[in-house]
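Quick notes on the structure that follows.
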Amino acid sequence: MSNSSAPTYEREAAAVLEARLREPRRFIQVVAGPRQVGKTTLVRQVLARLDVPARYASADEPTLRGSAWIAQQWDAARLEARGGRAVLVLDEVQKVPGWSEAVKRLWDEDTASATTLAVVLLGSAPLLIGQGLTESLAGRFEVLRLGHWSFGEMRAAFGFSLDDYLYFGGYPGAAPLAGDPARWRRYVLDSLIETTISRDVLLMTRVDKPALLRRVFELGSRYSGQILSYTKMLGQLQDAGNATTLAHYLDLLEGAGMLAGLPKFAGQAVRQRGSSPKLQVLNTALMTAPSLLSPEALRADPAGWGRLVESAVGAHLANAAAAGEFELFYWRERNREVDFVVRAGSRLTAIEVKSGRAPDVLPGMAAFTAAFGPARTLLVGGSGIPLDEFLSRPAGHWVLG
């Protein structure tokens, strides 16, 4: 399951970053995304091609970091930039208290002195890095967002089949373990899920009920692809606080690239915010690893496999939505439902997913079309667009073209 060629998405992202760093105009480059989607590897590959002095430093270590550490790294990189250009890369910078104020001060000093130091900031989650950017660094940065790896990327890099991708998901670091599902599961649970929650969320954000945050993720991974009211969630969770707490924790998990609560499309923002969320993992590995089901057992369960297929389509769309390409919803009225609704400006696309043979008539799609007149309606799977074809193309191809 290996291939020497880099996946297309990662190669394109690297080309974008390289082009930005070669430009004479100066912006702080922020590479943001979930844990272990290849941010550090991508930046190192770009640095190797730039052929300029570069300094890489990471704050993702047990030793407590302060803003003085940033200044030390910055000064060392300034020495490299004397008489030419240099690049400073600060990894996991959001873990340094007061990082954004320190970066702003140093960046503005360089601007005033015409120091040609290019700066790249890496962060594990857009939600965690975003506040400091918008409050302190407005007008000084550009963001390059990396999502979870797509089916096309995993197929090109690791030879994944469609079934491989549905079960093992889009984590490149875990892919070499796919031949040993038990070992792969342990890696995902310990090195990805637990590490993301404990290091990327709990250490960086105030969470009054850490055990509840973990249970919200567990519930979401179990019910991915299903609409679950906050009342029902409260009924399944002990010490659950209230609906506002659950909604906040879903936002934190989405920012960490793990789990989203898709709102209901109603044409009115007030009703959308008050709707029951549709739970959606952002990588199907986050659904299958906690289930403890083997690939064979899950494939033999038509209902479970159907939820996995829908979640794979939802993850493909949700990662594009997280990058700002469009907004993503679901729709339901009484017993009529549409799996996903995409809104790009005033343009609507309705998407239904089927893992088996689809009926000739889709009542939910017909009702939604009558109510909202979408520009496009898509059936994925069944007699519609083949699932592998849908997942092989960028989500924008299907809803923006």
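Every number in this text was worked out from the coordinates using simple rules, so none of it is lab data. All values derive from a computational prediction rather than experimental measurement. Cβ sites come from the backbone with ideal geometry, for glycine too, and all protein chains shown count toward neighbours.
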### Query
Using alpha carbon centroids, what distance separates region 324-401 and region 134-177, in Å?
23 Å
### Query
According to the Kirkwood expression over distinct Cα-Cα pairs, how big is the hydrodynamic radius of region 77-125, in Å?
11.5 Å
### Task
Please give, to one decimal in nm, the separation of the simple spin-label points placed at GLU101 and GLU18, each 7 Å out from Cα toward the Cβ.
3.9 nm
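Arrange ASP91, ASP51, ASP108, ASP388 by Cβ neighbour counts within 10 Å, fewest through most, would you? Don't skip to the answer; put the middle values down first.
Working: ASP91 20, ASP51 7, ASP108 11, ASP388 16.
Result, fewest neighbours first: ASP51, ASP108, ASP388, ASP91.
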### Message
Cα atoms only: what Rg and Dmax, in Å, come out for region 8-145?
### Response
13.8, 39
### Query
If we count other beta carbons within 10 Å of each Cβ, what is the order of MET204, MET154, fewest first?
MET204, MET154
### Query
Cα-based Rg (one decimal) and Dmax (whole number) for region 159-399, in Å?
17.5, 51
### Query
Non-local amide H neighbours of LEU88 (under 5 Å, H modeled in plane, Pro and chain starts lacking H): which ones?
ARG55, ALA118, VAL119, VAL120
### Task
Give me the distance in nm between label points sitting 7 Å out from Cα along the Cα-to-Cβ direction at ALA211 and ASP51, one decimal.
6.0 nm
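Taking 8 Å as the Cα distance limit and 6 or more residues as the minimum spacing, I'd like the relative contact order of the chain as a percentage. Show your work: numbers first, answer last.
Working: 651 pairs, mean separation 57.5, N = 401.
Over the chain, the number comes to 14 percent.
Using the crude model of +1 on Lys and Arg Cβ and -1 on Asp and Glu Cβ, and no other charge, please compute the dipole size for region 248-354 relative to its Cα centre, in debye to 20. Don't jump to the answer; show the numbers that get you there.
Details: 12 positive and 11 negative charges, 81 e Å.
Computed about the Cα centre, the dipole is about 400 debye.
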### Query
Which whole-number percentage describes the relative contact order of region 220-318, with Cα contacts under 8 Å and a sequence gap of 6 or more?
34 percent
### Query
Once amide H atoms are placed 1.01 Å from N in the peptide plane, what residues at a sequence separation of 5 or more from GLY225, or on another chain, have their amide H within under 5 Å of its amide H?
LEU279, GLN280, VAL281
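Tell me the mean residue ellipticity at 222 nm calculated for the chain from its helices only (DSSP H runs of n ≥ 4, each -39500 (n - 2.57), averaged over every residue, nearest 500). Walk me through the numbers before you get to the answer.
Numbers: 18 runs with 181 residues, N = 401.
Mean residue ellipticity at 222 nm (helix-derived): -13500 deg cm²/dmol.
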### Task
Write down the percent of antiparallel bridges among all DSSP beta bridges whose residues are both part of the chain, to the nearest 5.
35 percent
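Quick one: TRP149, TRP184, fewest Cβ neighbours within 10 Å first, how do they rank?
In increasing order of surrounding Cβ atoms, one gets TRP184, TRP149.
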